[in-house]
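The values are calculated or read from the model by the stated rules, or taken from the named source; none is laboratory data. None of these values were measured; they are calculated from a predicted model. Note that each Cβ is placed from the backbone with ideal geometry, even for glycine, and that neighbours are counted across all protein chains shown.
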Amino acid sequence: MTTPRKLHVKTLGCQMNVYDSQRIADVLAHSHGLESTDDPAQADVLLLNTCSIREKAQEKVFSELGAWWHDYKRYRPELVIGVGGCVASQEGDRLRERAPYVDLIFGPQTIHRLPLLLNQAQGRQAAVDVSFPEIEKFDHLPLPRASGPTAFVSAMEGCSKYCSFCVVPYTRGEEFSRPLLDVLTEVAVYAEQGVREVTLLGQNVNAYRGATPRGGVADLAELIRQVAQIDGIARIRFTTSHPVEFTDTLVAAYAEVPKLAAHLHLPVQSGSDRILRAMKRGHTAAEYLAKIDRVRAARPGLSLTTDIIVGFPGETEDDFAATLALVEAAGFDEAYSFIYSARPGTPAAALADDTPLAVKKERLARLQALIERQSQAYVETLVGSVQTVLVEGPAKRGQGRLYGRIGNNRVVNFLASEQLVGQLVDLKITAVSVHTLRGELSSSRHAA
Ligand code: SAH
Ligand code: F3S
């Protein structure tokens, strides 16, 4: 048997998966000396980190795996193919009925057991572990390695909200928060490697309740305050939040912690109280609007973004009109919108869903047109303003340009020397296209 040397991890889905994929690479570098490669053809171990939030995401899993079989594994049977993430968690060993060439299956909470699973898989037993051993995951992960000036750090895992449409509580388990010091240590390790911006992650991260060394409990606002004190950290983001858990302590953090980015992603899902109730979101449209008013008062210029589901079972034209009205009233400057997808095992999957797909598609198009208009109007207000940007690296469509993000997370491209990567600079915004801003250096500064 040849010793595997190279690892390719492909990530589908959310930012938690991006974080988990980095930890997968760290774990296998540590245990097996595997070097990461972007090229699947070079790899001896191919891992797919999957997403099951909507049916489309789930179907991608089998087309990706099929392609790996077709292109690589049938020529090189010693190649190890593994599946992780939420589809693995939900399907477990059943995955092998559709993809029998898969050698190992691991869930979002068993990444630390991958070295063992890989050894088993090389012994040619199929290796499966999709359990939820809670915080054990973090106790057994090696220290993270930074790959640039920004990093994701998991503050909590899982979700206990059980929105009626959502598969996450079933695939990632119930909420549990990492102890405060563990999160702070991970941030400090990144900061020492040059990371300037961290995004604190959790499906419902504002429910964070981390144990403190003195037997107390820190909430997300407290975590943000403490992260802000770590040398080198210049900007803090967090995602995703649930409106019910969005407390006044967090509102205060927007007023009092300048390093907290002037951006809030707060999924609302619908503007109809009837649908919000059926979704089990636990708040009304008016309560949502009242919350965002408070955050906006605490942080003038705040950018607000959201997620919306169109065509939840029983959604009428009136319900949909209420969603459009809420989008306008809230003044979102970006929103991610999706057609409802019934997920097996969720309560909503049992509801009658009479709205024809064509109607749902037409509603989605109307919603997206409105969001696009608001988004365009918002970016136009930025032209001529000076914005602080963390320089992240060369721009995607290059030509010597670099890219960074302004506080609200939008990308700006600008001409500057690569030596500025990892620094905060002030840019004057000169032009906008739909999703990208252009800017020019107005000064460079060396913030905290
Ligand atoms: N934790 C987040 C949501 C994570 S899932 C929250 O607080 O809401 C990301 C987004 O996917 C959700 O906000 C929702 O808009 C969408 N989504 C989740 N389940 C879905 C489903 N069954 N069909 C369509 N969209 C869904
Ligand atoms: Fe899903 Fe609702 Fe949690 S959308 S991730 S169950 S907050």
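Does any residue of segment 55-68 turn out to be in contact with a strand residue (DSSP E or B) (Cβ under 6 Å, 6 or more places away or on another chain), within 24 Å of Val167 (Cα to Cα) and assigned to a helix (DSSP H, G or I)? Checked segment 55-68: at least one residue is in contact with a strand residue (DSSP E or B) (Cβ under 6 Å, 6 or more places away or on another chain), within 24 Å of Val167 (Cα to Cα) and assigned to a helix (DSSP H, G or I).
Scanning segment 97-115 for residues that are part of a helix (DSSP H, G or I) and free of Cβ contacts under 8 Å to residues at least 12 places away in the same chain yields one hit, Glu97. Kindly indicate whether Val391 is surrounded by 15 or more Cβ atoms within 10 Å (Cβ to Cβ) and out of contact with any helix residue (DSSP H, G or I) (no Cβ under 6 Å at 6 or more places or on another chain). For Val391, the condition - surrounded by 15 or more Cβ atoms within 10 Å (Cβ to Cβ) and out of contact with any helix residue (DSSP H, G or I) (no Cβ under 6 Å at 6 or more places or on another chain) - is not met. Pairing residues of segment 170-190 that are of a type in the set (Val, Ile, Thr) with residues that are part of a loop (DSSP other than H, G, I, E, B) and surrounded by fewer than 17 Cβ atoms within 10 Å (Cβ to Cβ), at Cβ distances under 8 Å and at least 6 apart in sequence or on separate chains, gives Val189/Leu143. From the list Arg296, Arg281, the one residue that fits, being of a type in the set (D, E, K, R) and within 16 Å of ligand 2 (Cβ to nearest atom), is Arg281. Please determine whether any residue of segment 80-96 is touching a residue at least 40 places away in the same chain (Cβ under 8 Å) and assigned to a strand (DSSP E or B). Yes, some residue in segment 80-96 is touching a residue at least 40 places away in the same chain (Cβ under 8 Å) and assigned to a strand (DSSP E or B). Beta carbons closer than 8 Å, at least 6 apart along the sequence or on distinct chains, pair a first residue in segment 151-164 that is over 30 Å from Glu192 (Cβ atoms) with a second that is assigned to a strand (DSSP E or B) and at pLDDT 95 or above for Cys163/Gln269. Looking across segment 242-278, the residues that are closer than 22 Å to Ala325 by Cβ and assigned to a loop (DSSP other than H, G, I, E, B) come down to His242, Phe246, Leu266, Pro267, Val268, Ser270, Gly271, Ser272. Residues of segment 300-323 that are at pLDDT 95 or above and within 25 Å of the chain's Cα centre (by Cα): Leu304, Thr305, Thr306, Asp307, Ile308, Ile309, Val310, Gly311, Phe312, Thr323. Just one of the listed residues (Ser160, Ser177) is of a type in the set (Ser, Thr, Tyr), over 16 Å from Leu28 (Cα atoms) and either surrounded by fewer than 22 Cβ atoms within 10 Å (Cβ to Cβ) or modelled with pLDDT under 90 (or both), namely Ser160. Screening Leu304 on (1) part of a loop (DSSP other than H, G, I, E, B); (2) touching a residue at least 40 places away in the same chain (Cβ under 8 Å) shows it passes everything except condition (1). Within segment 20-31, the residues that satisfy the criterion of being surrounded by 19 or more Cβ atoms within 10 Å (Cβ to Cβ) and either hydroxyl-bearing (Ser, Thr, Tyr) or farther than 25 Å from Ile53 by Cβ (or both) are Ser21, Leu28. If you go through segment 188-227 and keep only what is outside any loop (DSSP other than H, G, I, E, B) and within 16 Å of ligand 1 (Cβ to nearest atom), you end up with Thr199, Leu200, Leu201, Val205, Asn206, Ala207, Leu220. Among the residues making up segment 152-167, those that are hydroxyl-bearing (Ser, Thr, Tyr) and either near ligand 2 (Cβ under 6 Å from one of its atoms) or assigned to a loop (DSSP other than H, G, I, E, B) (or both) are Ser160, Tyr162, Ser164. Is it true that some residue in segment 331-348 is over 30 Å from Arg237 (Cα atoms) and part of a helix (DSSP H, G or I)? Yes, segment 331-348 has at least one match. Every condition in (1) loosely packed, with under 15 Cβ neighbours inside 10 Å; (2) away from ligand 2 (no atom under 16 Å from the Cβ); (3) modelled with pLDDT under 95 is met by Glu55 except one, and the failing one is (2).
Has segment 212-228 got any residue that is assigned by TED's automatic domain parsing to the domain that holds Ser341, under 20 Å from Pro108 (Cα atoms) and not acidic (Asp, Glu)? Within segment 212-228 (the criterion being assigned by TED's automatic domain parsing to the domain that holds Ser341, under 20 Å from Pro108 (Cα atoms) and not acidic (Asp, Glu)), the answer is no, since none of the residues qualifies.
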